[in-house]
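Trainee: Structure incoming, see below.
Quick note: the coordinates plus some simple rules give every number you see, no bench work behind them. Everything quoted here is computed from the prediction, not taken from an experiment. As a convention, Cβ positions derive from the backbone with ideal geometry for all residues, glycine included, and neighbour counts pool all protein chains shown.
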Amino acid sequence: MTCPECYATDPRITPLLNPEACLLHHRQYICSTCGRVICADIDEKGRFRAMFPFRSLEVAKLYLRAAEVIHQAPCGIYEIASANDRRQYKIFASDNELQTYLRKHKDKHCPTLAPRFASPHYTACAPHQLRHLTPAEADRYMQEKRKAKD
C-alpha cells in the first residue's frame, strides 16, 4: 500500500545511498504516517538530494515529500530527456522552475511539459518531523531496514 504522506510502498526503503552515514549525519524528514525517513539535508551550496535527477519515476517519488517540505509547496516530477534520448526524472516546485531549468540546459527537454506525478496539495510538517536522528534512532531504523530486506 502506498503511504498517502510520503508516497512510498516500503516504509524503510530510504536512504538508498550510504544509509548509515546519511541517517547519522544528515537532517531527515520523518513521515508521521509510516515512519520512513527521507534525507532533507541542504548543503552549503543550497543543494539537497531531491534536486538531483533520478533514474526512474519510482525513485523520484521516494524524494518528493522531502522536496515539498524544503520548498514548502506541492511539487511535481517531470520526465527530462537529453539530446541522446537519455531519460531522467527531476522534481520541480513549479512550471516556472522547470522552464528556467530547460532554458539553462539547452540540450534537455521535457516531452510532455507536465508532471508525470504531482502532489495534489502541500501539507506542512510538524517541527519534530524535520531533524537529525539520534544515534539510537538511526540504529533502530537500520535494523528495521535490514529486517525488511530479509
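Trainee: Fewest Cβ neighbours within 10 Å first, please rank E68, E5 accordingly.
Mentor: Fewest to most other Cβ atoms nearby, the residues stand as E5, E68.
Trainee: Additional query: What residue among Y63, I91, A81 has its Cα farthest toward the positive end of the dipole of the range 19-132, where the charges are +1 on Lys, Arg and -1 on Asp, Glu, each on the Cβ?
Mentor: Working it through, the farthest residue towards the positive pole turns out to be A81.
Trainee: Mind checking which of H105, L24, I38 is farthest towards the positive end of the chain's charge dipole, using Cβ charges of +1 (Lys, Arg) and -1 (Asp, Glu) about the Cα centre?
Mentor: Checking the options against the dipole of the chain, the answer is H105.
Trainee: For the chain, what does the helix formula give at 222 nm: sum of -39500 (n - 2.57) over DSSP H segments with n ≥ 4, over the residue count, nearest 500 deg cm²/dmol?
Mentor: Here the helix-only value at 222 nm equals -9500 deg cm²/dmol.
Trainee: Based only on Cα atoms, what mean projected area does the convex hull of the range 19-132 have, in nm²?
Mentor: 7.6 nm²
Trainee: Suppose every Lys and Arg Cβ carries +1 and every Asp and Glu Cβ carries -1, with no other charges. What dipole size does the chain come out with about its Cα centre, to the nearest 20 debye?
Mentor: So the magnitude is around 300 debye.
Trainee: Show me the ranking of peptides 91-101, 72-82 by mean Cβ neighbours inside 10 Å, starting with the highest.
Mentor: 72-82, 91-101
Trainee: Separate question: For an R0 of 30 angstrom, estimate the FRET efficiency from the Cβ-Cβ distance between K149 and R55 and round to the nearest 0.05.
Mentor: Taking R0 as 30 Å, the efficiency between K149 and R55 is 0.90.
Trainee: Working from the alpha-carbon coordinates of the range 63-127, get Rg over Rh, Rh being the Kirkwood radius.
Mentor: 1.02
Trainee: Using the crude model of +1 on Lys and Arg Cβ and -1 on Asp and Glu Cβ, and no other charge, please compute the dipole size for the range 57-140 relative to its Cα centre, in debye to 20.
Mentor: 200 debye
Trainee: Check cross-link reach from K45 to the lysines: straight Cα distance under 21 Å, and skip same-chain residues fewer than eight apart.
Mentor: Partners found: K90, K104.
Trainee: Could you identify which residue out of D139, D85, D41 has the top mean-square fluctuation in a GNM of the chain using Cα springs shorter than 10 Å?
Mentor: Comparing D139, D85, D41 in the GNM, the peak value goes to D85.
Trainee: Give the calculated FRET efficiency between R87 and M142 to the nearest 0.05, with a Förster radius of 25 Å applied to their Cβ-Cβ distance.
Mentor: So the FRET efficiency works out to roughly 0.20.
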